[in-house]
Amino acid sequence: MSWKKLESTTVYENPWMRVCEDRVINPGGGENRYGWVHFRNRAVAIVPLDDRDHTWIVGQDRYTLGEYSWELPMGGAPLTEDPLAAAQRELREETGLTARRWREVMHLHTSNSITDEAGIVFLAEDLTEGPTAFEETEDLAVRRLPLAEAIGMCLDGRITDAISVAALLRVGFRTASVP
């Protein structure tokens, strides 16, 4: 038996998300309340990679965590926007970089037990540097470092953002025989 929704109530809503509480029948046949978040954007993340195998990460204070976070350049793309166009915009805004070559390398769900948010990761290569254009809510530190060091930061817990960890590991395995 699979989940069956009996009713859904919107608990909170803003331009970026909707928080719902559903009354459901669970796979075991019991009735429960299930809270979940619907995002009106998809996440797009970028692994910029230069010809010396260096990448760029951005650091910022994350309100939700109450701590500083190193992560890939990324942002939200409205569901009606082309994900590649959004990724190109985010890379330019957050790092000042533009890329001549783009490749989609991963689709993922950020936390599929509580949200329907989807993410798309792009590899950006053949890079050109330029000025950043941070949004009002962004006070970013931009850092260029070897890809191997960024992967090490994932493995030792200095990078904890789920999309960044998955994307950096995926790109790190790009030469391996991983599908």
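Laboratory data are not the source of any read-out in this text; all were calculated from the coordinates shown. Because the structure is a prediction, the values reported are computed rather than measured. Cβ atoms come from the backbone with ideal geometry, glycine included; neighbour counts cover every protein chain shown.
Observations
- Ranked by the mean number of other Cβ atoms within 10 Å per residue, highest first, peptides 80-88, 161-169 order as 161-169, 80-88.
- Principal-axis tilt of helix 162-172 within the chain, Cα atoms, nearest 10 degrees: 50
- Residue among TYR34, TYR63, TYR12 with the largest mean-square fluctuation in a Gaussian network model of the chain, springs linking Cα atoms under 10 Å: TYR63
- Restricting the stretch 1-46 to trypsin sites (Lys or Arg not before Pro) in coil, as DSSP defines it, with at most 15 other Cβ within 10 Å: ARG40
- Only helices enter this figure: runs of n ≥ 4 DSSP H residues, each worth -39500 (n - 2.57), summed and divided by the residues of the chain, yield -5500 deg cm²/dmol at 222 nm to the nearest 500.
- The stretch 51-179 shape via C-alpha gyration tensor axes, a/c threshold 1.5: rounded
- Surrounding net charge for VAL11, when Lys and Arg each add one and Asp and Glu each subtract one, Cβ distance under 10 Å: -1
- Projected label distance in nm at THR128 and THR115, using a 7 Å step from Cα toward the beta-carbon: 3.4
- Distance (nanometres) between label positions extended 7 Å along Cα→Cβ at ALA141 and LEU79: 3.7
- Taking label positions 7 Å along the Cα-Cβ direction at both ARG100 and ARG18, the computed distance is 4.5 nm, reported to one decimal.
- The peptide list 109-115, 26-32, 44-50, put in order of mean Cβ contacts within 10 Å with the highest first, becomes 44-50, 109-115, 26-32.
- The stretch 145-161 versus the stretch 21-43: alpha-carbon centroid distance in Å: 33
- Exposure proxy ranking for MET17, MET74, based on other Cβ atoms within 10 angstrom of each Cβ and starting from the fewest, stands as MET17, MET74.
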